[in-house]
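This report refers to the structure that appears directly beneath it.
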Amino acid sequence: MTQPTMKAAIVSRRDGPFELREIARPDPGPGEVLVRVAASGVNPLDAKIRSEAAAHARHPLPAILGLDMAGMVEAVGAGVERFRPGDAVYGMIGGVGGLPGSLAGYVAVDADTLAIKPDNLSMREAAALPLIFITAWEGLVDRAQVRRGQRVLVQGGAGGVGSMAIQIARAFGAEVHATGSAASADAIRALGATPIDYAEPVADYVARHSGGAGFELVYDTGGGAILDASFAAVAQFGHVVSCLGWGTHSLAPLSFKAATYSGVFTLAPLLSGRNRRVQGAIMAEATRLAEAGKLLPRVDARRFTLETVSDAHDALAGRSATGKLVVDIDPGP
């Protein structure tokens, strides 16, 4: 019997081109689901993995990239009970740590990483969500326990993770402020947050928006000097959480306020094989919020295919995207 095949975009060397190949279609193993991929989200982290610029996110080459995916269940492996063929699913499934990614017609993935796709989102919109939503949720909900009435500051509110953090915090009933460029103020306001120009001194916006008390919860998406600014902006007994804790930082500003800090490393379950069910459960929360009308990703209008994946990465590098870039997948035979 002839082995079924599929199309895949493969990178064979550091910063190498995407090579469109016809390769064998995988079969789902125990605990796995075979998904016919409809759309693959493009993240800055994908580009870092391709260029081997992220020591924390290694992916042996040659490899299929693509962390995020939405598609249809084609078959299920032994022991899988939550999904059945024909289910529309999405999740952060691979593209790192030797796990095949979503830039292919089909992918066999750990069922624990998946959730049912929101009925009111397209495949493209769903594929834009997993990495950024999980990163925002783990910080706000799992680490900081965001709650109603809190004054929350999101550093970088117009970015992918920042836009998710705003919507999650608002869904929990928090009062949300977000920093960004002057040009991004309308986008931040449209998400329901009060925009703050990142060029404004921290002491000035803390005084203007909190009466000098600071923000009970600060979500940092920038690291470096922005994380230092977050330490300065947090309130007494408050909490700072960061998904990009690069740099050398003094913790004295936190200590003097009896405030706390948490870091988020979203890739840990994929890399370690542990707690993947937690991230599938987080994606189920994304479905709940989306279907309640409280969550919507911004998706760039441009269309890319497996043949033009390199154009999507070029658009990412050129910072020309207005929302998440998504690749439409043709699974082939």
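Among the listed residues Gly223, Gly212, which satisfies the condition of being of a type in the set (Gly, Ala, Ser) and open to solvent by 40 Å² or more (accessible area, probe 1.4 Å)? Within the list Gly223, Gly212, the selection yields Gly212. Please specify each residue of the range 117-147 satisfying the condition of being within 15 Å of the chain's Cα centre (by Cα) and among the polar types (S, T, N, Q). Of everything in the range 117-147, just one residue is within 15 Å of the chain's Cα centre (by Cα) and among the polar types (S, T, N, Q), namely Thr135. Of all the residues in the range 236-251, those that are aliphatic (A, V, I, L, M) and open to solvent by 10 Å² or more (accessible area, probe 1.4 Å) number 2.
Please go through the range 298-330 and pick out each residue that is outside any helix (DSSP H, G or I), in contact with a strand residue (DSSP E or B) (Cβ under 8 Å, 6 or more places away or on another chain) and open to solvent by 10 Å² or more (accessible area, probe 1.4 Å).
Residues of the range 298-330 outside any helix (DSSP H, G or I): 298-305, 318-330.
Next, from what is left, pick out any that are in contact with a strand residue (DSSP E or B) (Cβ under 8 Å, 6 or more places away or on another chain): 298-300, 302-305, 323-330.
Arg298, Val299, Arg302, Arg303, Phe304, Thr305, Gly323, Lys324, Asp328, Ile329, Asp330, listed by residue number.
Here Gly94 clears all of (1) touching a Pro at 6+ places or on another chain (Cβ under 7 Å); (2) open to solvent by 20 Å² or more (accessible area, probe 1.4 Å); (3) of a type in the set (Gly, Ala, Ser) except the condition numbered (2).
Only residues that are free of Cβ contacts under 8 Å to residues at least 24 places away in the same chain and either under 15 Å from Lys257 (Cβ atoms) or in contact with a His (Cβ under 8 Å, 6 or more places away or on another chain) (or both) were counted across the range 197-212, and they come to 1. Within the range 273-286, the residues that satisfy the criterion of being part of a helix (DSSP H, G or I) and either farther than 25 Å from Ala174 by Cα or modelled with pLDDT under 95 (or both) are Arg276, Arg277.
Among the listed residues Leu254, Leu289, Leu270, which satisfies the condition of being out of contact with any strand residue (DSSP E or B) (no Cβ under 8 Å at 6 or more places or on another chain), open to solvent by less than 60 Å² (accessible area, probe 1.4 Å) and part of a helix (DSSP H, G or I)? Steps first, answer last, please.
Values: Leu254 fails: out of contact with any strand residue (DSSP E or B) (no Cβ under 8 Å at 6 or more places or on another chain); Leu270 fails: out of contact with any strand residue (DSSP E or B) (no Cβ under 8 Å at 6 or more places or on another chain).
Testing whether each residue is out of contact with any strand residue (DSSP E or B) (no Cβ under 8 Å at 6 or more places or on another chain), open to solvent by less than 60 Å² (accessible area, probe 1.4 Å) and part of a helix (DSSP H, G or I) leaves just Leu289.
Residues are listed down the side, and each one gets a yes or a no for (1) modelled with pLDDT of 95 or more; (2) open to solvent by less than 10 Å² (accessible area, probe 1.4 Å); (3) touching an Asp or Glu at 6+ places or on another chain (Cβ under 9 Å):
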| position | (1), (2), (3) |
| --- | --- |
| Ala115 | yes, yes, yes |
| Leu131 | yes, no, yes |
| Ile134 | yes, yes, no |
| Leu140 | yes, yes, no |
| Gly156 | yes, no, yes |
| Ile166 | yes, yes, no |
| Asp197 | yes, no, no |
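Being closer than 20 Å to Cys243 by Cα and either assigned to a loop (DSSP other than H, G, I, E, B) or without any contact (Cβ under 8 Å) to a residue 24 or more places away in the chain (or both) is the filter here, so list the residues in the range 82-118 that pass it. Result: Ile93, Gly94, Gly95, Gly97. Confirm whether Ile49 is open to solvent by less than 30 Å² (accessible area, probe 1.4 Å), more than 12 Å from Tyr106 (Cβ to Cβ), of a type in the set (Val, Ile, Thr) and not in a strand (DSSP E or B). Answer is yes for this residue. Taken together, Val109, Val76 contain a single residue that is crowded, with 24+ Cβ neighbours inside 10 Å, of a type in the set (A, V, I, L, M, F, W, C) and farther than 30 Å from Gly222 by Cα, which is Val109.
Which residues, counting only those in the range 87-115, are among the small types (Gly, Ala, Ser) and either within 22 Å of Glu19 (Cβ to Cβ) or touching a Cys at 6+ places or on another chain (Cβ under 9 Å) (or both)?
Gly94, Gly95, Gly97, Gly98, Gly101, Ser102, Ala104, Gly105, Ala108
Of all residues in the range 305-333, those satisfying the criterion of being over 19 Å from the mean Cα position of the chain (by Cα), at pLDDT 95 or above and within 16 Å of Gly71 (Cβ to Cβ) are Thr305, Leu306, Ile329.
The values are calculated or read from the model by the stated rules, or taken from the named source; none is laboratory data. Note that the coordinates shown come from a computational prediction; the quantities given were computed from them, not determined experimentally. With ideal geometry, Cβ positions are generated from the backbone for all residues, glycine too; neighbour counts draw on all protein chains shown. Note: accessible area is taken over every heavy atom of the protein model, side chains too, but ligands, DNA and RNA are not part of it. Shrake-Rupley method; radii C 1.70, N 1.55, O 1.52, S 1.80 Å.
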